[in-house]
Amino acid sequence: MKPTVKNVTRKPVFALALMLSAASGGAVQAADVTMFRSPSCGCCLEWLEHMREYWTAAGETGEVKPVSTPDMQSVKWRAGVPADLSSCHTTLIDGYVIEGHVPAADVARLLKQRPEGVRGLAVAGMPIGSPGMEYGDRQQAYDVVAFGPAGRTVWSSYPASGS
């Protein structure tokens with residue numbers, strides 16, 4: 001089932017989503033996923049479907065929803081996404097920021113481990129083969145980067161396919 005996308009005013013919704021995600025407890029099964037995206041971007045909805053499928057398969061119960069906004073730069077700035085790690089969509093989940101096409105398993109690991117000094121995870125750009133950017137069997141190499149007050153570190157790496 002594809003998500004329904006509504007245009008909403010960005011400032012109040014972003015503030016509310018940030019407060020709710022920060023106020024929620026540490027249980028992964030209670031985590032809501034709010035993804036901010038440009039109204040014209042389709043790969044964002046594909047990534048959101050990847051998250052929904054993962055959450056459902058894992059028996060998680062949080063709501064997964066998109067929020068369309070024409071001003072993604074403001075969303076990224078307010079969420080603290082480093083400019084060089086920017087991608088096409090920004091997601092808030094349980095007090096963390098997920099930037100771009102981060103695999104759901106990496107998000108789940110973040111929510112379980114909750115490492116100190118990490119504000120979020122990012123996949124810079126839009127690498128082919130990352131969730132939501134599938135293109136047959138092709139995959140570009142990419143890293144998932146953890147970022148925050150503690151600095152940056154590679155959270156996980158995904159190799160290029162042989163094609």
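The values are calculated or read from the model by the stated rules, or taken from the named source; none is laboratory data. Bear in mind the structure is a predicted one, so any value in this text is a computation, not a measurement. Note that each Cβ is placed from the backbone with ideal geometry, even for glycine, and that neighbours are counted across all protein chains shown. These area figures cover heavy atoms from the full protein model, side chains too; ligands, DNA and RNA do not enter into them. Shrake-Rupley method; radii C 1.70, N 1.55, O 1.52, S 1.80 Å.
I need the GluC sites (Glu not before Pro) found in the stretch 74-163, filtered to DSSP loop residues with at most 13 other beta carbons within 10 Å of theirs.
Numbers: sites: GLU99, GLU116, GLU134; in loops: GLU116, GLU134.
For GluC sites (Glu not before Pro) across the stretch 74-163 that sit outside H, G, I, E and B with at most 13 neighbouring Cβ atoms in 10 Å, the list reads GLU116.
Quick one: ranking SER74, SER130 by accessible area, 1.4 Å probe, largest first, what do you get?
On the way: SER74 30, SER130 0 Å².
Accessible-area ranking of SER74, SER130, largest first: SER74, SER130.
Can you put ILE128, ILE93 in order of accessible area, largest first, using a 1.4 Å probe?
Details: ILE128 40, ILE93 0 Å².
From most exposed to least exposed: ILE128, ILE93.
Please go through the stretch 42-127 and write out the chymotrypsin sites (Phe, Trp or Tyr not before Pro) that DSSP classes as loop and that have at most 16 other C-beta atoms within 10 Å.
Values: sites: TRP47, TYR54, TRP55, TRP77, TYR96; in loops: none.
Hits after loop and neighbour filter: nothing returned.
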